[in-house]
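*Asks:* Would you mind keeping the following structure in view while I ask a few things?
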Amino acid sequence: MPSKHIFLIAGENSGDLHASNLVKSLLRLDGSLRFSGLGGPQMAAADVILLKDIVKGLAIVGVTPVIRNFALIRRLLEQVREFLTEQRPDAVILVDYPGFNLRVASMAHVLNIPVIYYISPQIWAWHPTRISRIRQTVDLMMVLFPFEEEMYRRAGVHAVHVGHPLLDIMRLTMDREEVFQKFGFDPAKKLIGLLPGSRKPEIVRHLPVMLEACERMMAARPDQFQFVIPRSSTVPHELLHKYIERFPVPVRIVDQYRYNVRSALDFAIVKSGTSTLETAILLTPMVIVYKVSFITWILAKMFIQIPWIGLVNIVAGTRVVPELVQNEATGANISRAALEILSDPERLANTKFQLEQVKGSLGRPGASRRAARCVMEILSGRPAEEVVRMAASFE
């Protein structure tokens with residue numbers, strides 16, 4: 001029997017990571033599987049044959065980059081259409097990245113190739129009209145949050161809650177004291193983490209205001225703080241240093257043991273996105289910051305359906321941590337929010353308690369393994385509605 005062929009697409013760094021771990025789990029179930037697709041270095045390292053590295057060259061957030069890269073996106077979609085038509089993979093797995101991936105879902109559906117979506121587009125936040133296209137083109141939706149499963153099932157989409165893969169990825173090997181010793185942090189000072197993002201536009205928009213906030217915090221409370229950036233592998237050192245050098249703030253950049261370092265933080269200033277959920281899992285109080293282009297911001301204000309942008313607040317269903325968005329994301333506002341929380345022991349304790357509740361709501365470890373079981377059932381020809389019924393028993 002010929003080996004099964006799976007085509008995957010992940011368009012940004014966290015999706016690349018989760019797709020690579022799904023591939024590893026699938027190979028543990030069937031070592032003969034073959035993989036191709038669009039993604040990044042982590043998928044390539046997991047033996048996915050990439051048509052193109054789009055994590056490095058096409059990690060698009062917002063409207064302006066879509067307009068700027070329209071011709072490239074159109075060519076890439078045509079390349080995918082030709083590949084699917086000629087190669088006829090046994091399944092297509094799409095990871096987040098909805099603007100591109102939902103078009104690919106339509107292509108695969110027309111070709112009668114099973115479509116599995118892993119990590120749902122945030123249609124509960126904005127663009128709810130996409131659920132109609134998902135119902136028409138996606139055979140199985142594998143979601144990270146329980147509320148997503150309920151939402152999709154109400155809309156007639158076959159959906160399975162597999163849990164959040166971050167619970168498997170974020171393994172800690174050092175305690176706080178060991179982290180401080182290894183990196184030479186001062187135990188007499190609070191350690192503040194800066195997480196400005198994993199793409200150049202995010203660094204450009206977020207890091208300067210974060211560093212200004214650090215400068216203000218130091219001025220308000222001299223000799224009480226130290227700062228660290230756990231660098232994303234997709235961010236060049238020179239880009240970070242370009243901005244750090246403009247501010248009289250002692251900031252360390254660490255490239256190793258990033259989750260261990262983040263677990264030792266007293267507080268974090270975090271760009272909205274997956275990092276807020278990672279920070280919540282580590283029970284670290286934070287302030288969420290987010291800035292986008294003017295056009296994207298105007299459109300977001302028109303279409304966003306929920307009162308929060310940070311995943312930690314969305315999952316909690318209430319404002320657990322402050323959010324400073326667009327014009328409110330200034331150095332003065334960030335430093336004020338951070339100092340208010342750090343100076344209030346009762347608020348700090350309450351925030352950590354609420355973060356524990358968020359972490360508990362994410363489900364149990366083993367998301368990649370359960371997702372792989374679902375994929376294997378689809379590959380075997382089992383209907384999606386049967387997979388949904390079986391999934392509760394997967395471990």
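*Asks:* Just need the Rg to Rh number for the stretch 173-361, please, alpha carbons only, Kirkwood Rh. Could you put the intermediate results ahead of the total?
*Replies:* Details: Rg = 15.7 Å, Rh = 16.7 Å.
Over the Cα atoms of the stretch 173-361, Rg/Rh equals 0.94.
*Asks:* For every other residue with a beta carbon closer than 15 angstrom to the beta carbon of ALA155, add +1 if it is Lys or Arg and -1 if Asp or Glu, then tell me the sum. Could you put the intermediate results ahead of the total?
*Replies:* Working: positive: ARG130, ARG133, ARG135, ARG153, ARG154; negative: ASP139, GLU148, GLU149, GLU150, GLU385.
Here the charged neighbours net out to 0.
*Asks:* By average Cβ neighbour count within 10 Å, what is the ranking of 135-143, 183-191, 213-221, 376-384 from highest down? Show your work: numbers first, answer last.
*Replies:* On the way: 135-143: 22.3, 183-191: 14.1, 213-221: 19.7, 376-384: 15.7.
Taking the mean over residues of other Cβ atoms within 10 Å, the ranking is 135-143, 213-221, 376-384, 183-191.
*Asks:* Taking K and R as +1 and D and E as -1, what net charge do the other residues with C-beta under 11 Å from the C-beta of ARG103 add up to? Kindly include the intermediate steps, with their values, before the conclusion.
*Replies:* On the way: positive: ARG74, ARG81, ARG133; negative: GLU78.
For residues surrounding ARG103, the net value is +2.
*Asks:* A follow-up question, please. Can you tell me which of 263-275, 169-181, 335-347 comes out highest on packing, and rank the rest after it, using the mean Cβ neighbours within 10 Å? Write down the numbers at each step before the final one.
*Replies:* Details: 263-275: 23.6, 169-181: 14.2, 335-347: 15.8.
The most tightly packed comes first, giving 263-275, 335-347, 169-181.
*Asks:* Something else: Could you tell me the distance between the Cα centroids of the stretch 225-278 and the stretch 74-145, to the nearest Å?
*Replies:* Distance between centres, Cα-based: 33 Å.
*Asks:* Sticking with this one: Nearest 10 degrees is fine. How inclined is helix 294-303 to the longest principal axis of the chain, computing both from alpha carbons?
*Replies:* Helix 294-303 sits at roughly 70 degrees to that axis.
*Asks:* If you count, for each residue, the other Cβ atoms within 10 Å and average over each peptide, how do 23-32, 276-285, 86-95, 43-52 line up from highest to lowest?
*Replies:* Ranked by mean Cβ neighbours within 10 Å, highest first: 276-285, 86-95, 43-52, 23-32.
*Asks:* Relative to the first principal axis of the alpha-carbon coordinates of the chain, what is the inclination of helix 70-87, with its axis defined by its Cα atoms, in degrees from 0 to 90 and to the nearest 10?
*Replies:* 40
*Asks:* Sorted from fewest to most neighbouring beta carbons within 10 Å, what does the list HIS109, HIS241, HIS206 look like? Kindly include the intermediate steps, with their values, before the conclusion.
*Replies:* On the way: HIS109 17, HIS241 12, HIS206 24.
Taking fewest neighbouring Cβ atoms as first place, the list is HIS241, HIS109, HIS206.
Values quoted throughout were computed directly from the atomic coordinates according to the rules given, and no laboratory measurement underlies them. Computed from a prediction, not measured in an experiment: that's the story for all the values here. Counting neighbours? That spans all protein chains shown, and the Cβs are built from the backbone with ideal geometry, glycine included.
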